[in-house]
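To keep things clear, I will list the structure first and then write my remarks on it.
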Amino acid sequence: MSTEETPRTVDVAVIGAGAAGIYAMHKMTELGFSAVGFERGSSVGGAWYWNRYPGLYCDIESIDYSYSFSEELQQEWVWKRKYSTQPEILSYFEWVADRLDVRKSFLFNTSVTDAVWSDESQRWRVNTDTGVVLDARFIIGATGPLSTPKIPEFEGAEGFKGEILATARWPREPQNFAGKRVAVIGTGSSGVQVIPVVAEQAEQLFVLQRTPSYAVPAHNHLLQQPHIDEVKSDYRGYRERARQTPLGVFTGSSGKNASEVTVAERELEFQKAYDYGSTVKFGSSFNDLLMDPESNKAAAEFLANKIRSRVVDPAVAEKLIPSGYPILTRRLCSENNYYEAYNRPNVTLVDLFEEEIVRLTPEGIETTKGTYEVDVIILATGFDAFTGALRAINIVGREGRTLRGKWDESPSTYLGIAVSGFPNLFTVVGPLGGAGISNVVLNIEQHIEWIGDFLTTLRDQGATSFNADPDAEQDWVDKVAEVADATLFRYANSWYTGSNIEGKPRVVLQWVGGVSEYERILLECAKENYRGFHIV
Ligand code: N01
């Protein structure tokens with residue numbers, strides 16, 4: 001690879017070798033574009049490479065959380081469980097990368113530091129932390145919506161005598177908590193999964209909870225061969241049905257509003273989804289759960305009663321029941337014996353609404369009520385979602401404007417895939433796009449396939465650049481907000497709205513109008529000669 005003096009020239013730079021980067025690299029190669037990829041990890045897998053904490057599995061069923069673009073791949077790979085665990089999913093992405101032979105096109109252990117656009121050459125100059133420099137016509141930012149961990153800076157952290165681990169940057173060596181006193185900070189999807197596993201091992205576990213989550217059991221199990229055979233006998237049809245649903249997963253939901261059915265009928269639907277074990281099925285059990293506050297309350301009350309029935313100490317149960325935000329406006333968690341963990345004598349729930357973390361001391365965590373002495377602190381404190389990874393790169397577009405500066409004002413994009421003023425840059429599953437609440441592998445496929453078609457069109461036209469029109473971008477920003485405002489999403493603080501990160505503008509960061517409608521909009525844009533893009 002080249003140094004600053006002689007940068008290698010390619011059509012496309014791909015940033016990231018997760019689910020999006022692997023497919024992007026394959027698609028570019030298939031279409032005959034020269035491409036080089038950068039990945040800061042030592043291998044492929046993205047989220048599944050970095051998040052290795054015990055208890056991690058995907059909250060979307062394996063049959064759905066996988067690529068659909070290749071009939072050969074989807075027929076060949078055999079999922080073992082309803083919900084795959086992290087090692088299994090990582091193996092899957094490694095296997096796909098090998099089958100598609102894309103590893104050779106990535107530089108691993110390499111982070112992109114800068115990308116500077118030149119109007120003169122109509123190209124990007126891409127710099128990395130290893131000194132490698134690339135001259136690329138296009139950049140595909142396949143950096144992942146949840147790839148920049150939010151690590152809180154606690155006063156006194158450097159003096160803490162024990163170990164601090166983060167679920168999103170988990171060590172590769174197996175961790176053993178036997179005989180140790182452990183604290184977990186954070187009770188989102190990561191915390192809810194790691195807590196029951198640590199509870200079984202640790203001598204003492206303190207769970208420091210600020211905002212509780214709603215959660216539905218996974219009821220994970222080995223997949224039966226007849227079920228696999230049935231799906232594979234018409235996997236294409238199965239995927240097609242999924243693509244027509246709001247979340248990109250076919251659930252066979254009632255299609256009714258909770259407000260229109262009897263209480264008994266409503267409870268039966270909730271119970272069916274709960275017994276089956278699926279956050280997607282639960283969230284899709286009725287159409288109006290995110291629109292009608294009363295229907296939303298009914299779903300919340302159903303899960304609150306489940307918590308009351310599973311947690312022995314009523315005071316602990318009440319603390320675990322969320323309040324102050326509508327259910328589903330923060331991601332519904334998938335759990336495996338989460339509530340039972342609180343029935344163990346070695347587990348203590350610390351409510352951070354009753355006592356606040358003041359600082360870390362050499363011995364542990366000091367709160368406004370006392371000190372919890374621990375050997376290990378596990379941070380399950382979330383991510384700077386959607387914008388974090390690209391913001392971390394110094395991306396300089398037209399007239400010296402930085403993407404960081406633009407998104408600090410407002411995280412705007414055109415269709416979630418391009419940014420006005422930053423020509424030839426794609427933001428795969430970026431802010432204001434279709435990912436976040438839905439099946440992200442499907443969202444990725446929608447983007448990569450659309451990008452492939454767009455780049456082919458540009459090549460056929462002999463064009464050298466595209467730029468999103470600022471008015472088209474503003475119209476999209478307004479449309480995303482309008483659709484979100486018709487729902488209850490705006491009432492919650494979370495990574496969905498950027499409000500988990502200090503100083504980040506508070507907007508609903510995703511298109512919540514559904515996967516199928518999103519695809520229709522993308523395809524309509526393409527059909528109308530890429531409406532909203534200036535092509536030169
Ligand atoms: O992060 P989160 P996550 N002091 O932001 C708390 C996907 N995912 O990593 O909200 C004390 O949901 C924070 O409290 P609050 C999935 O899409 C999927 O758990 O700030 N607490 C919250 O409780 C998911 O939604 C899977 O009041 C602090 C928690 O930390 C997304 O990733 C598994 C704090 C963060 O929860 C993110 O989930 C894992 C502080 N200073 C992740 N700062 C599966 O597929 C934050 N918190 C199953």
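The values are calculated or read from the model by the stated rules, or taken from the named source; none is laboratory data. For clarity, every value in this text was computed on a predicted model and none was experimentally measured. No Cβ is skipped: glycine too gets one built from the backbone with ideal geometry, and neighbour counts run over all protein chains shown. These area figures cover heavy atoms from the full protein model, side chains too; ligands, DNA and RNA do not enter into them. Shrake-Rupley method; radii C 1.70, N 1.55, O 1.52, S 1.80 Å.
Considering only residues in the range 424-449 that are part of a strand (DSSP E or B) and not aliphatic (A, V, I, L, M), the one that is farthest from Val249 (Cα to Cα) turns out to be Phe426.
Residues in the range 499-511 include none that are part of a helix (DSSP H, G or I), in contact (Cβ under 8 Å) with a residue 12 or more places away in the chain and out of contact with any Leu (no Cβ under 7 Å at 6 or more places or on another chain).
Among the listed residues Val316, Val263, Val312, which satisfies the condition of being of a type in the set (Val, Ile, Thr) and open to solvent by less than 70 Å² (accessible area, probe 1.4 Å)? Selected residue: Val316, the only one of Val316, Val263, Val312 that is of a type in the set (Val, Ile, Thr) and open to solvent by less than 70 Å² (accessible area, probe 1.4 Å). Residues that are within 25 Å of Thr279 (Cα to Cα) and in a strand (DSSP E or B) were ranked within the range 169-201; the one that is nearest to the ligand (Cβ to nearest atom) is Ile185.
Screening the candidates Pro174, Pro212 for the property of being open to solvent by less than 20 Å² (accessible area, probe 1.4 Å) and more than 16 Å from Ile357 (Cβ to Cβ) yields one hit, Pro212.
Rundown of residues vs (1) over 30 Å from Trp124 (Cα atoms); (2) over 22 Å from the mean Cα position of the chain (by Cα); (3) not in a loop (DSSP other than H, G, I, E, B), yes/no style:
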| site | (1), (2), (3) |
| --- | --- |
| Val14 | no, no, yes |
| Ala17 | no, no, no |
| Gly21 | no, no, yes |
| Trp48 | no, no, yes |
| Glu72 | yes, yes, yes |
| Glu88 | yes, no, yes |
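Conditions tested, residue by residue: (1) open to solvent by 20 Å² or more (accessible area, probe 1.4 Å); (2) within 16 Å of the ligand (Cβ to nearest atom); (3) not hydroxyl-bearing (Ser, Thr, Tyr).
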| site | (1), (2), (3) |
| --- | --- |
| Val126 | no, no, yes |
| Thr148 | yes, yes, no |
| Glu158 | yes, no, yes |
| Leu165 | no, yes, yes |
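Only a single criterion out of (1) more than 16 Å from the ligand (Cβ to nearest atom); (2) without any contact (Cβ under 8 Å) to a residue 12 or more places away in the chain is not satisfied by Phe138, namely (2). Residues that are polar (S, T, N, Q) and farther than 20 Å from Gly191 by Cβ were ranked within the range 359-379; the one that is surrounded by the fewest Cβ atoms within 10 Å (Cβ to Cβ) is Thr368.
Just wondering, is there one or more residues in the range 182-193 that are small (Gly, Ala, Ser) and over 30 Å from Glu335 (Cβ atoms)? Show your work before the answer.
So in the range 182-193, the residues small (Gly, Ala, Ser) come out as 183, 186, 188-191.
Then keep just the ones that are over 30 Å from Glu335 (Cβ atoms); that gives none.
No, the range 182-193 has no match at all.
May I ask you to list the residues in the range 339-351 that are in a loop (DSSP other than H, G, I, E, B) and either surrounded by fewer than 19 Cβ atoms within 10 Å (Cβ to Cβ) or hydrophobic (A, V, I, L, M, F, W, C) (or both)? I'd like the intermediate steps shown before the answer.
Going through the range 339-351, the residues in a loop (DSSP other than H, G, I, E, B) turn out to be 342-346.
Once the filter is applied, which keeps residues that are in a loop (DSSP other than H, G, I, E, B) and either surrounded by fewer than 19 Cβ atoms within 10 Å (Cβ to Cβ) or hydrophobic (A, V, I, L, M, F, W, C) (or both), the range 339-351 yields Asn343, Arg344, Pro345, Asn346.
Only one of the listed residues (Ser66, Ser70, Ser91, Ser84) is open to solvent by less than 10 Å² (accessible area, probe 1.4 Å), polar (S, T, N, Q) and free of Cβ contacts under 8 Å to residues at least 60 places away in the same chain. That residue is Ser84. Residues in the range 453-492 that are in contact with a helix residue (DSSP H, G or I) (Cβ under 7 Å, 6 or more places away or on another chain) and not aromatic (Phe, Trp, Tyr) were compared, and the one that is surrounded by the most Cβ atoms within 10 Å (Cβ to Cβ) is Ala484.
Is there a residue being open to solvent by 60 Å² or more (accessible area, probe 1.4 Å), more than 16 Å from the ligand (Cβ to nearest atom) and either in a strand (DSSP E or B) or in contact (Cβ under 8 Å) with a residue 60 or more places away in the chain (or both) anywhere in the range 286-298?
yes
Test Leu222 against the stated conditions and say whether it is within 16 Å of the ligand (Cβ to nearest atom), open to solvent by 20 Å² or more (accessible area, probe 1.4 Å) and of a type outside the set (Ser, Thr, Tyr). Don't jump to the end; show me each part of the working.
Details: within 16 Å of the ligand (Cβ to nearest atom): no; open to solvent by 20 Å² or more (accessible area, probe 1.4 Å): yes; of a type outside the set (Ser, Thr, Tyr): yes.
No; evaluated as a whole, the condition is false for this residue.
Across the range 352-395, the number of residues qualifying as within 29 Å of Asp114 (Cα to Cα), more than 14 Å from the ligand (Cβ to nearest atom) and part of a strand (DSSP E or B) comes to 2.
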